[in-house]
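These notes concern the structure reproduced below.
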Amino acid sequence: MDLTAFIHALSASGLFSARAFLPAFLTALLLRFGPEVPLLQDLPILQGVTGVPTWFTHDATLIGLGVLALAEILAVKTETGEEVLDLLERYLKPAMAVLCCLGVLSVRDRQVVEGLVLPGVEAGLGDGLWALGNGLLVAWVTGLRARFRGVFRAIDEDDDLGWRQLASWFEDLAVSGGLLVLVFYPVLMLVLLGVTLGALQAVSLLLERREQRRRGACPACGKALHRSALHCPGCGQAQDQPADVGFFGQSLEFSASDREVLSLRLAERRRCPRCAERLPLRRPRQACPGCGHDPFADEVFCARYLAMVSRRLVPALGLGFLCSLVPVLGLVPGVVVCRQALTGPFSRYLPGGRRTLARWGLRLVFVVLLSIQWLPVVGGVVVPLVGALGYLVYRRAFVGLCRVGAAAAV
């Protein structure tokens with residue numbers, strides 16, 4: 001493998017960790033049409049590119065990669081599509097990186113490749129080894145990205161604050177812009193990749209250590225448990241001073257003043273109200289993986305949970321009304337407040353299909369109501385109306401799932 005292609009493949013590993021098909025499509029596009037563009041003809045990566053399209057720069061490949069890249073960009077903007085890609089990314093992204101690496105070599109003239117081959121590496125064998133090594137690097141970077149994204153997903157699982165959506169658009173721009181930097185300044189891109197990976201690794205280790213510090217040990221049996229746990233998942237011993245939880249469900253430094261309220265707030269963040277372990281499934285009726293407790297099997301607890309959310313209805317809708325009075329700018333904070341207070345406690349327990357259907361239905365209502373949002377005073381009903389509808393729709397779905405789970409248990 002020649003030095004130029006090696007630097008390109010190594011630097012592109014960060015791009016492939018963000019998107020599987022977009023970097024490959026842009027690279028194939030560059031190799032196919034770059035030699036015909038005056039500003040690009042002298043780029044090192046285009047030296048020795050043959051005029052006849054290979055499998056990587058063939059029209060069918062370009063069309064296929066373009067369609068897949070567009071589908072990937074659209075998919076990560078939807079919750080269901082993002083979940084599917086999350087399951088496939090650990091295999092798909094390294095595979096595409098390997099294919100792209102081999103595709104770059106297939107386009108470049110073999111004489112040029114052999115003239116620039118890395119010392120001590122046989123051309124044919126080296127191509128496959130470097131491509132495989134690049135795939136393994138992309139797999140590691142993809143895992144690092146997944147761990148980092150997992151932190152934000154745990155904080156705001158339904159993306160009510162829009163962080164993940166914003167990050168998705170940023171990654172699309174970063175991949176496109178990063179490829180331009182890679183093409184014109186490959187060494188700079190390599191440095192940027194190293195700095196970014198170092199920063200992500202440092203933040204990841206910092207978060208892991210912080211999470212470890214948030215765990216304690218049961219004084220009765222010594223089993224590790226969350227500091228916000230009301231009961232030990234091992235022996236069931238009640239904990240004297242469980243830590244309170246914050247807005248995003250994280251353990252705080254001070255103890256909770258009300259154990260009943262703490263249990264409800266844990267359940268609101270889809271954590272077990274007994275041992276504070278995260279509940280993995282998107283449904284109300286499930287056994288906690290830590291202690292085996294099924295929170296919403298208890299009808300009394302379920303009623304208390306519903307009552308907790310209903311008490312927020314008037315304050316949240318009132319705040320939403322005040323936000324709606326501000327044209328355009330007031331919509332975002334108003335919607336975020338209603339999502340966090342009224343729909344989030346229910347939507348976190350709904351399966352993907354139901355949650356997506358409900359969210360898009362409410363979005364259509366929201367778009368229709370935007371036509372009156374500019375009217376003085378009258379526009380103040382936009383956020384409260386959408387918030388009230390969201391509360392009713394999600395609450396009904398949540399209660400229905402609780403009843404289905406109860407009937408299945410019987």
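The values are calculated or read from the model by the stated rules, or taken from the named source; none is laboratory data. Only a predicted model underlies this, so the values are computations on that prediction, with no experimental measurement involved. As a convention, Cβ positions derive from the backbone with ideal geometry for all residues, glycine included, and neighbour counts pool all protein chains shown.
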Note: among ARG359, ARG339, ARG354, just one is closer than 26 Å to ALA297 by Cβ and among the charged types (D, E, K, R), namely ARG354
Expected output for the range 52-65 (first residue in contact (Cβ under 8 Å) with a residue 60 or more places away in the chain and of a type in the set (Asp, Glu), partner surrounded by 16 or more Cβ atoms within 10 Å (Cβ to Cβ) and not in a helix (DSSP H, G or I), Cβ below 9 Å, 6+ apart or cross-chain) is none
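For the range 347-370, does any single residue satisfy the condition of being more than 24 Å from ARG271 (Cα to Cα), modelled with pLDDT of 85 or more, buried (at least 22 other Cβ atoms within 10 Å of the Cβ) and among the small types (Gly, Ala, Ser)? Walk me through how you get there before you give the answer.
If we filter the range 347-370 for residues that are more than 24 Å from ARG271 (Cα to Cα), which is where we start, we get 357, 360-370.
Next, only the ones that are modelled with pLDDT of 85 or more stay: none.
No, the range 347-370 has no match at all.
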The helices (runs of 4 or more DSSP H) lying entirely within the range 297-405 that contain at least 2 residues which are touching a Phe, Trp or Tyr at 6+ places or on another chain (Cβ under 6 Å) are 344-347
Output for Cβ contacts, cut-off 6 Å, separation at least six or different chains, first residue over 11 Å from PHE16 (Cα atoms) in the range 166-183, second at pLDDT below 85 and in a helix (DSSP H, G or I), reads VAL181/MET189; LEU182/SER11; LEU182/MET189
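Restricting attention to the range 299-317, does a residue exist that is over 24 Å from ALA388 (Cα atoms) and surrounded by 15 or more Cβ atoms within 10 Å (Cβ to Cβ)? Spell out how you get there, then give the answer.
Here is the first cut: in the range 299-317, the residues over 24 Å from ALA388 (Cα atoms) are 299-300.
Within this subset, residues satisfying the condition of being surrounded by 15 or more Cβ atoms within 10 Å (Cβ to Cβ) are none.
The answer is no; no qualifying residue exists.
Looking only at residues in the range 257-285 that are among the hydrophobic types (A, V, I, L, M, F, W, C) and under 23 Å from the mean Cα position of the chain (by Cα), which one is surrounded by the most Cβ atoms within 10 Å (Cβ to Cβ)? If you could, list the steps in order and put the result at the bottom.
Kept after step one, since they are among the hydrophobic types (A, V, I, L, M, F, W, C), are these residues of the range 257-285: 261-262, 264, 266-267, 272, 275-276, 279, 281.
With the extra rule that they be under 23 Å from the mean Cα position of the chain (by Cα), the set shrinks to 266-267, 272, 276, 279, 281.
On the way: LEU266: 27, ALA267: 24, CYS272: 28, ALA276: 30, LEU279: 24, LEU281: 12.
Per the stated criteria, the residue is ALA276.
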*Just wondering, is there one or more residues in the range 57-76 that are modelled with pLDDT under 85, of a type outside the set (Phe, Trp, Tyr) and within 19 Å of GLY177 (Cβ to Cβ)?*
yes
With criteria (1) within 29 Å of the chain's Cα centre (by Cα); (2) within 16 Å of PRO242 (Cβ to Cβ), GLY330 comes up short on (2)
By residue number, the members of the range 245-256 that are assigned to a strand (DSSP E or B), surrounded by fewer than 19 Cβ atoms within 10 Å (Cβ to Cβ) and of a type outside the set (Phe, Trp, Tyr) are LEU252, GLU253, SER255
